[in-house]
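Take a look at the structure set out below.
The values are calculated or read from the model by the stated rules, or taken from the named source; none is laboratory data. Here the structure is a predicted model, which means the values were calculated and not measured. Backbone-built Cβ (ideal geometry, glycine too); neighbour counts: all protein chains shown. Protein only, heavy atoms only, side chains kept; ligands, DNA and RNA dropped before computing areas. Shrake-Rupley method; radii C 1.70, N 1.55, O 1.52, S 1.80 Å.
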Amino acid sequence: MIDLKTQLCEEKFMRFPEGAAKALALSFDDGVGADKRLIPLLKKYGLRCSFNLNSECFGEEYMGWHGRMGEEEAIKTYSECGQEIAIHGAKHLFLTKVPLHEAAGEVLRCREYLEKTFGGIIRGMAYAYGAYDDGVVGMLKSLGVVYARTTASTYGFDVPSDFLRLDPTVHFTEDETGALAEKFVKEDPRAMGKDRDARLFYVWGHAYELDDFGLWDKAEKFVKELSGAEGIWRATTIDIVSYVTAYGRLEFSLDGERVFNPSARPVWIEIRGETYKISPGCEINFKKS
C-alpha cells in the first residue's frame with residue numbers, strides 16, 4: 001500500500017499564513033452609503049474587504065447614484081474602517097473608451113487623492129464596469145498598480161496567475177454564492193491528493209445591492225458562516241497579492257530540497273504532506289527539518 005507521503009512525491013504547494021490552505025477576500029465598489037452598514041458587519045465577524053473608491057464622484061450630481069456618499073462623509077467612513085482602500089478611477093470611466101493617456105490620468109488622479117487622503121501606498125484597483133484590454137493592463141504596470149479586479153465570475157477557487165486580470169469567484173448577488181460558500185468551507189485541499197493547491201474565494205459586489213434586493217440577512221449569514229470556519233486566511237486583496245508574490249520569489253536548489261526566502265515576510269509551503277514556515281532571509285532543508 002502506498003502511503004500519503006510517497007503518493008505526494010515532491011510536489012510543492014503554497015500555503016497561506018500559519019499554513020492555511022484557503023484564503024477569503026471581499027471587494028466592494030463605489031463608496032456608497034450602505035458601506036456604513038457593511039463595515040461594522042465585517043468587523044463583527046473578522047472579515048477583510050477592499051473598498052474601491054472614486055476620487056471625483058462626490059457632490060450633489062453624484063449623491064443619487066446608488067446612494068454615493070459626499071466627500072466629508074466618505075473620508076470619515078473609510079478613514080476609520082480598518083480595511084483596504086483601492087482605486088476605482090477618478091470619474092468611474094470605461095478605461096477602454098478613452099485614449100490611453102486619459103485612462104492613465106483617471107487612475108493616477110484617483111491614486112494620488114486616495115494616498116493623500118487615507119495615507120499609505122495604494123497599489124490595487126477594480127476596473128470600473130470591469131472594462132480593460134491589453135493596453136490598459138500595460139499602462140497599469142507602468143503606473144505601479146499590482147492588481148486590478150475584473151467583474152467576470154470564475155465560480156472557482158484557483159489562485160490567479162495574473163493579478164492585473166484578477167477575476168473574482170462570484171458576485172455576491174449571484175445565485176451560486178451560497179453553494180460556493182458551502183463548498184469552500186467544506187473543501188480541504190490538504191486531503192485532495194495531487195489537487196492540493198491553495199484555494200481563494202474572492203467575492204465582489206456593491207453594498208447598495210444589499211439594500212436594493214433586501215440581502216442584508218443573506219450577507220450576515222454569509223459572513224458568519226465564513227467567519228466560523230477553520231483553516232481560512234481572511235485577508236484583503238493586497239494582502240493576498242503581496243503574499244503570493246513573496247511566495248513566487250522563493251529560490252530552490254537544483255534538487256528541490258533546499259529553499260531560500262529572499263522576501264521580507266514569512267511564507268509557508270507544503271511538501272510530502274508536511275508544512276514548513278520559511279522566515280524572511282532564511283534557508284531550510286526539507287530533508288533535515
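Before moving on, here are some points about what is shown:
- A helix-only calculation puts the chain at -10000 deg cm²/dmol for mean residue ellipticity at 222 nm, using -39500 (n - 2.57) for each DSSP H run of at least four residues, averaged over all residues.
- Accessible surface, per residue, of the chain when the full set of protein chains is kept, probe 1.4 Å, Å²: 47 Å²
- Lys/Arg +1, Asp/Glu -1 at C-beta; segment 39-132 dipole; positive extreme among TYR45, GLY119, TRP65: TYR45
- Contact order normalised by residue count of the chain, Cα under 8 Å, 6+ apart, percent: 27 percent
- Among (i) 43, 20, 16; (ii) 36, 22, 16; (iii) 30, 20, 19, the entry derived from the coordinates for semi-axes √(5λ) of the Cα gyration tensor in Å: (ii)
- Of all accessible heavy-atom area on the chain, the percent that carbon and sulfur account for (1.4 Å): 51 percent
- Each residue, MET192 and SER227, gets one label point 7 Å from its Cα in the Cβ direction; the gap between the two is 2.6 nm.
- Point-charge dipole on Cβ atoms (K/R +1, D/E -1) for the chain, about Cα centre, debye to 20: 1000 debye
- For the cross-link pairs LYS36/LYS116; LYS36/LYS91; LYS44/LYS186; LYS116/LYS221, the ones whose C-alpha atoms lie over 25 Å apart are LYS116/LYS221.
- Between LEU108 and THR151, the contour length at 0.36 nm per residue exceeds the alpha carbon distance by 13.3 nm.
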